[in-house]
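Notes for the one structure printed next.
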Amino acid sequence: MELTIKRNLQLSTSFFFFFIFVCSTSKCYPQSRDNIWMLGSNNSNNINYGLDFSSGQADTFSLFREMNVSYTNASICDTNGQILFYTNGVYIANKDNDTLSNSLNFNPGFFTSHFYNDGIPIFQGAITIPFPGSTDKYYIFHESAEVIQLNSQQASHPLNLAYSVVDMNLDGGLGGLSPLKKAIHIIDDTLTLGRITAVKHANGRDWWVLCHRYISNTFFKILVSPSGAAIFSTQDIGDTIPFRSYYGFAMFSPDGKTFLFQINDSTINVFDFDRCTGILSNPISLNVSYLNYSICGTAISLNSRFLYVCNNYFLHQFDLFSPSIPTSDIVIAQWDSFVAPLSTYFFTMQLAPDNKIYMGTYYGSHILHIIHNPDSLGISCNFVQNSFTTPANTTWGFPNSPNYDLGKISNSICDSLSIDLDEEPALFNLQLFPNPFTSIVSLNGDLLYPLSYSIYDLSGRMVVEKEKLLYSHIKLDFLAKGMYVLNIKDRNERIYNLKLVKE
């Protein structure tokens, strides 16, 4: 297999692989982080629009702005629901719709240059999350794409995932990119186009960010904590994505327990997700196909039960609580052939702050379809076509917004094994090897013997209790295969928690 690309592919080695269990004691209240959706047509006079959900329902507003939004669309509001900044992948705009300070060339690549005037045509090509432990800094994870060749085929793929940090203290409070935190590569590898998504860690403060390696079934998992962003692990699970996979979506259910990933034009993988460990499990394949029309949009209801999938002609509903998800498929509606002035074929979907699901149209008309009661089974979900008129043509990408309000999981292993951030294993060069292991695992780092240690499984149950350790080797051949947490205390009462994998 011959592969031609523009630069070497390897994982960045400038970031620590680490695992951290921290619990927040604060409650989670709605923060209105996704109240404003920047949308709008790609037209010559730059008259665009948006949706504002501050009143509890969708209101439209028109504005003049330079930025055109096509597919890549990421934004975030302050806790009062006022827009802070937004991006189309080419550059970032502040709340005054002007270029965010130091944001030019923040996302270099062929797609950025080629689609400079329109915005990058990658679904979920960027996502924004608050910096854990900070009230005025934000991460934007982003990608562009290059044209690469595999044997006789060509396709577009990102060759890295990068992040930039927005500091709202810069430019007189309008915000700007931190000079030393702009376009930082966190993954250098060929990736699946788009499908960047995020979910709160089980501690309710940190974040998991997921993306996917091309022509594989490999997921990259990035853990974002107050210490920074670092690749935590990779996992091979689910179906292999093809070389050419231009359109697709990935998303977590609002409760963070379910993860879905679009493989190709007709297949979606559904997984269970552990917000504490980042482990995906129990993959299920769902197939939706009709003639030559591919999957165009996906969305999950607020109660995390119903998955909606559409192609241009049909809207399907799957029950994620069913013991047999594939057989729970219900066809909710067929396109009604309405033209305004172009055909209003079904296209992308997004769960909104008013708990309804909004659906755009294939040609980006000034019409939206709405699922008014997405928490309801079957046609009771009340899908109404052509029911919302917008001031201008809608471009295709709704904002890629995670559930900012998801709280911590009480009484989980993350709750029972909280540690002080000043005592993270990375600070003491503490490592386990081999990890994964089969029989014996060794410790390496600035340790003060003797040590005591305990081992917990993922339910928080102690499976090895308060053993003494005089040397650096631990024999654990009796453990069942799986992931554990090794809790260590040295003679100076320093505490460490490390991920331990038995294979």
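The values are calculated or read from the model by the stated rules, or taken from the named source; none is laboratory data. In this text, all values refer to a predicted model and were calculated from it rather than measured experimentally. Positions of Cβ are generated from backbone atoms using ideal geometry, with glycine treated the same way; all protein chains shown enter the neighbour counts. Note: areas computed on protein heavy atoms with side chains; ligands, DNA, RNA excluded. Shrake-Rupley method; radii C 1.70, N 1.55, O 1.52, S 1.80 Å.
Structure above, values below:
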{"quantity": "Within the range 354-386, considering residues that are open to solvent by 50 Å² or more (accessible area, probe 1.4 Å) and modelled with pLDDT under 95, the one nearest to the chain's Cα centre (by Cα)", "calculated": "Y362"}
{"quantity": "So F306, is it more than 23 Å from G407 (Cβ to Cβ), out of contact with any Ser or Thr (no Cβ under 6 Å at 6 or more places or on another chain) and of a type in the set (F, W, Y)", "calculated": "no"}
{"quantity": "Residue list for the range 200-215, restricted to those being over 15 Å from A162 (Cα atoms) and open to solvent by 10 Å² or more (accessible area, probe 1.4 Å)", "calculated": "K200, G204, R205, Y214, I215"}
{"quantity": "Residue ID - modelled with the lowest pLDDT, chosen from residues in the range 114-135 that are open to solvent by 10 Å² or more (accessible area, probe 1.4 Å) and polar (S, T, N, Q)", "calculated": "N117"}
{"quantity": "Failed condition for G297, given (1) farther than 24 Å from T395 by Cβ; (2) crowded, with 20+ Cβ neighbours inside 10 Å; (3) not hydrophobic (A, V, I, L, M, F, W, C)", "calculated": "(1)"}
{"quantity": "Residue list for the range 267-288, filter: touching a Cys at 6+ places or on another chain (Cβ under 6 Å) and open to solvent by 50 Å² or more (accessible area, probe 1.4 Å)", "calculated": "none"}
{"quantity": "Qualifying positions in the range 98-113 - open to solvent by 40 Å² or more (accessible area, probe 1.4 Å) and more than 22 Å from the chain's Cα centre (by Cα)", "calculated": "D98, T99, S101, N102, L104, N105, F110, S113"}
{"quantity": "P323 out of contact with any Phe, Trp or Tyr (no Cβ under 9 Å at 6 or more places or on another chain) and in a loop (DSSP other than H, G, I, E, B)", "calculated": "yes"}
{"quantity": "Unmet requirement for D446, which otherwise passes all of (1) in a loop (DSSP other than H, G, I, E, B); (2) modelled with pLDDT of 80 or more; (3) more than 23 Å from D206 (Cβ to Cβ)", "calculated": "(2)"}
{"quantity": "Matching residues in the range 36-50 - criterion: being more than 25 Å from the chain's Cα centre (by Cα), under 11 Å from T395 (Cα atoms) and either modelled with pLDDT under 85 or not in a strand (DSSP E or B) (or both)", "calculated": "S41, N42, N43, N48"}
{"quantity": "Residue check for H157: farther than 22 Å from Y404 by Cα, modelled with pLDDT of 95 or more, touching a strand residue (DSSP E or B) at 6+ places or on another chain (Cβ under 6 Å) and surrounded by fewer than 16 Cβ atoms within 10 Å (Cβ to Cβ)", "calculated": "no"}
{"quantity": "Condition check for N151: open to solvent by 10 Å² or more (accessible area, probe 1.4 Å), over 12 Å from F85 (Cβ atoms) and either small (G, A, S) or more than 23 Å from the chain's Cα centre (by Cα) (or both)", "calculated": "yes"}
{"quantity": "Residue within the range 114-126 that is in contact with a strand residue (DSSP E or B) (Cβ under 8 Å, 6 or more places away or on another chain), closer than 24 Å to W396 by Cα and charged (D, E, K, R) present", "calculated": "no"}
{"quantity": "Filter result for L291 (over 21 Å from A352 (Cα atoms) and crowded, with 19+ Cβ neighbours inside 10 Å)", "calculated": "no"}
{"quantity": "Some residue of the range 316-331 being surrounded by 23 or more Cβ atoms within 10 Å (Cβ to Cβ), at negative phi and touching a helix residue (DSSP H, G or I) at 6+ places or on another chain (Cβ under 8 Å)", "calculated": "yes"}
{"quantity": "Count of residues meeting criterion [modelled with pLDDT of 95 or more, open to solvent by less than 40 Å² (accessible area, probe 1.4 Å) and not in a strand (DSSP E or B)] in the range 175-185", "calculated": "2"}
{"quantity": "Any hit, the range 307-319, residues being out of contact with any Cys (no Cβ under 9 Å at 6 or more places or on another chain), free of Cβ contacts under 8 Å to residues at least 24 places away in the same chain and not in a strand (DSSP E or B)", "calculated": "no"}
{"quantity": "Number of the condition not met by M251 [criteria: (1) in contact (Cβ under 8 Å) with a residue 40 or more places away in the chain; (2) farther than 30 Å from V501 by Cα; (3) in contact with a Leu (Cβ under 9 Å, 6 or more places away or on another chain)]", "calculated": "(2)"}
{"quantity": "One residue from Y71, Y163, Y138, Y91 being open to solvent by less than 50 Å² (accessible area, probe 1.4 Å), in contact with a His (Cβ under 9 Å, 6 or more places away or on another chain) and not aliphatic (A, V, I, L, M)", "calculated": "Y163"}
{"quantity": "Within the range 339-353, considering residues that are without any contact (Cβ under 8 Å) to a residue 24 or more places away in the chain and touching a Phe, Trp or Tyr at 6+ places or on another chain (Cβ under 9 Å), the one most open to solvent (accessible area, probe 1.4 Å)", "calculated": "L342"}
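Yes or no, residue by residue, for (1) without any contact (Cβ under 8 Å) to a residue 60 or more places away in the chain; (2) under 17 Å from G176 (Cβ atoms); (3) in a strand (DSSP E or B):
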position	(1), (2), (3)
S54	yes, no, no
Q57	no, no, no
M67	yes, yes, no
S75	no, yes, yes
G81	yes, no, no
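Per-residue answers, yes or no, for (1) open to solvent by 20 Å² or more (accessible area, probe 1.4 Å); (2) at pLDDT 90 or above; (3) within 19 Å of I284 (Cα to Cα):
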site: N217; (1), (2), (3): yes, yes, yes
site: I222; (1), (2), (3): no, yes, no
site: S225; (1), (2), (3): no, no, no
site: G228; (1), (2), (3): no, no, no
site: F232; (1), (2), (3): no, no, no
site: T240; (1), (2), (3): yes, yes, yes
site: Y247; (1), (2), (3): yes, no, no
site: M251; (1), (2), (3): yes, yes, yes
site: D265; (1), (2), (3): yes, yes, yes
